[in-house]
1. Within the stretch B:210-229, take every residue that is among the small types (Gly, Ala, Ser) and touching a residue at least 40 places away in the same chain (Cβ under 8 Å) and give me the one that is surrounded by the most Cβ atoms within 10 Å (Cβ to Cβ).
2. Please list, ordered by first then second residue, the pairs with beta carbon atoms under 6 Å, 6 or more apart or interchain, first in the stretch B:189-208 and within 11 Å of chain A (Cβ to nearest Cβ) and free of Cβ contacts under 8 Å to residues at least 24 places away in the same chain, second among the hydroxyl-bearing types (Ser, Thr, Tyr) and buried (at least 17 other Cβ atoms within 10 Å of the Cβ).
3. Within the stretch B:79-89, identify whether any single residue is of a type outside the set (A, V, I, L, M, F, W, C), on the phi < 0 side of the Ramachandran plot and more than 14 Å from chain A (Cβ to nearest Cβ), and answer yes or no.
4. Looking for something touching a Lys or Arg at 6+ places or on another chain (Cβ under 7 Å), buried (at least 21 other Cβ atoms within 10 Å of the Cβ) and of a type outside the set (Lys, Arg) - is there at least one such residue anywhere in the stretch B:240-250?
5. Condition first: touching a Gly at 6+ places or on another chain (Cβ under 7 Å), closer than 14 Å to B:ILE66 by Cα and either more than 14 Å from chain A (Cβ to nearest Cβ) or of a type in the set (S, T, N, Q) (or both). Now tell me which residues in the stretch B:107-126 satisfy that.
6. Strands (runs of 3 or more DSSP E) wholly in the stretch A:37-154 with at least 3 residues that are over 19 Å from A:GLY186 (Cα atoms) - which ones?
7. Identify, by number, the condition in (1) surrounded by 18 or more Cβ atoms within 10 Å (Cβ to Cβ); (2) closer than 27 Å to A:SER168 by Cβ that A:LEU358 doesn't meet.
8. Please specify each residue of the stretch A:1-53 satisfying the condition of being away from chain B (no Cβ under 14 Å), in contact (Cβ under 8 Å) with a residue 12 or more places away in the chain and of a type in the set (Gly, Ala, Ser).
Amino acid sequence: MPLRYGVYGGRYVPETLVSPLDELEAAWRSARADPAFQAELELQRRDFVGRPTPLYFAERLSAHFGQARIHLKREDLCHTGAHKLNNALGQALLARRMGKQRIIAETGAGQHGVATATVGARFGFECTVYMGTEDMRRQAVNVERMRMLGAEVREVTAGTRTLKDATSEAIRDWVTNVRTTHYIIGSAVGPHPYPEMVRDLQRVIGDEARAQYLEAEGRLPEVVVACVGGGSNAIGIFTAFLDDEDVRLLGVEAGGAGLESGRHAASLVAGRPGVLHGSLSYLLQDADGQVLPTHSISAGLDYPGVGPEHSLLRDLERAEYLAVTDREALEAFQLCTRLEGILPALEPAHALAAAARLEGRVLLCLSGRGDKDLATVLAG
Amino acid sequence: MSCSASPAAATKTWRLSLPADAPLFPRAANGRLELVPYLMAGYPDRHRSIENGRRLAGAGVAALEIGIPFSDPLADGPVIQKAGQAALEGGLTVGGAIEIAAAISGRAALVFMSYINPILAYGPDRFAADASSAGVAALIVPDLPVEEAEALKPVFRQAGLDTVFLVAPTSTDERIQRICAASTGFVYCVTLTGITGVRADLPAGLDALLGRVRARTELPVAAGFGISRPEHIAALKGHADAAVVGSALVAADDPLPLVEELLAACG
């Protein structure tokens, strides 16, 4: 039985992918236990990604909000501008170890696509990135970045022409080319072993942050907060604190135009369990099991599903999840920029908006930088 | 194999009653091949999918596969994706697909092809009971490999539905064994690593794959994905028991002439 998180997760995929997923799982377990692989990963994290990323005390933002002492884990300072490279790097090293010649990925805003194209260039893989035509229009600069890095960007015209459909198309490519190709999924979603593998590669965020926080503050934070689309930066920082029972874990989803409007992407807050892209998890779907279109000002959170481990953490009430609207995220974006001199991506701007209501010692994952979002912010 | 049909008065549907564990159609004999055409429920609209279904089911096919549309069909190529999207935009629901099956039933064995999420949303028990009452004999769920089906298979079985599992070119012998053991009705052999859709040629190595499957089951083995031409049918004879034809029929304005042409090639 494939690994599950409670009832969530699993492998709801065409039979063609089952044996390759078995091989991937075996390869990942072997790599994870191999000191040489870990040493290479460590070296590349330091010299290529720029880890460890700093822990930063947001003094003026804390004073402005008034009730909380907020530290930011600066994933925005990773090479390529977001935590996405932590995952793409690890999976690229694994793909090389497995003898694959080609890597593929899906992307919404383009951050994961850029991270994958970057490791494609760095390690000499043939690279194809699937992106919805709607997102290609909204994120034209990232499309050019990926092409410059040598990736082929394939437009996806099916369905809603956004991240969900790009993911479906990447999976179809993988079904077709599975013998030569490794699929670098961008979040802690998909069939087993992807959610586990992506978490393992992103937990460096939490491991570093926990040690840095103890060093800086002499004790643990009271709340750890992160935005949740698929949930990879959140699971990456939460994992290090799961056993610290007194530390609250808070995931922030995209409330879009407001939950009551129906135009949002808050799977854990407003969805119910269902199967999308190979795993059972909370899902925004209609009464008939058809996946609903989503909306968020942040393309990286604009996804109807969520990683299965978050679904379990929600049911266990180990983590809490809430939704923040487009408007609140935009306000937080402006505040962080003006008070701290840090342009956050619109994704972690959701986490910043939630932090405004918190009290006490807060550790927040600033998962990416906001340069990519300037056009959206100026238009909003 | 004898099929006795009895009318279900309230819905005017017909249900094929088969002995328990009987295959859905016979294994190939005398160089024949059976044909299993596919149509998408609700495409191009409800009325025409019923009309097409009745005509295809009455044309002498072994079984008729009826697709239930899903918003995110991972195993399907553009033709079936677009047909499903059009059916959904036309308002087709899972309940509506079951009604379409009921309106077609009585002419050939009916097989539902549905992704798992619409079944979960409808409720697996209710889905199995309603599909069975509508005259559906078997179920194919392309994103439900044998491991994930352990809890659901008894539910389908209880309602009298066969569960057809798929073998793929990447399946190991051990998995083929397990898939054959879990399948009832027939075994579906995916001919290629890829998604549904028309291809010019059958893939190399298909005969060997079909041989590996047929050596591990008494059930008939249907080959599907990429099959659309009489020469494909001819090439499959002696290697498979049936051919499933989907995208080429969905793309046709009228699927019946192609079905008749393929049936003629079936021998």
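The values are calculated or read from the model by the stated rules, or taken from the named source; none is laboratory data. Since the model is a prediction, treat every value here as computed from it, not as a measurement. Neighbour counts run over all protein chains shown; Cβ positions are idealised from the backbone, glycine included.
1. Residues of the stretch B:210-229 that are among the small types (Gly, Ala, Ser), as a first pass: B:211, B:215, B:222-224, B:226, B:228.
Retained after the next criterion (residues that are touching a residue at least 40 places away in the same chain (Cβ under 8 Å)): B:222, B:224.
Working: B:ALA222: 31, B:GLY224: 23.
Result: B:ALA222.
2. none
3. So the first thing to find is which residues in the stretch B:79-89 are of a type outside the set (A, V, I, L, M, F, W, C), and the list is B:81-82, B:84-85, B:89.
After this cut, where a residue has to be on the phi < 0 side of the Ramachandran plot as well, the list is B:81-82, B:84-85, B:89.
Retained after the next criterion (residues that are more than 14 Å from chain A (Cβ to nearest Cβ)): none.
No, there is no match, as no residue in the stretch B:79-89 is of a type outside the set (A, V, I, L, M, F, W, C), on the phi < 0 side of the Ramachandran plot and more than 14 Å from chain A (Cβ to nearest Cβ).
4. Here is the first cut: in the stretch B:240-250, the ones touching a Lys or Arg at 6+ places or on another chain (Cβ under 7 Å) are B:241.
Now narrow it down to the ones that are buried (at least 21 other Cβ atoms within 10 Å of the Cβ): B:241.
Next cut, of a type outside the set (Lys, Arg) only: B:241.
Within the stretch B:240-250, one or more residues are touching a Lys or Arg at 6+ places or on another chain (Cβ under 7 Å), buried (at least 21 other Cβ atoms within 10 Å of the Cβ) and of a type outside the set (Lys, Arg).
5. Within the stretch B:107-126, B:ARG107, B:LEU110 qualify.
6. Numbers: elements: A:55-57, A:68-74, A:102-107, A:126-132.
Here the list reads A:55-57, A:68-74.
7. Status for A:LEU358: all satisfied but (2).
8. A:GLY6, A:ALA27, A:ALA31, A:GLY50, listed by residue number.
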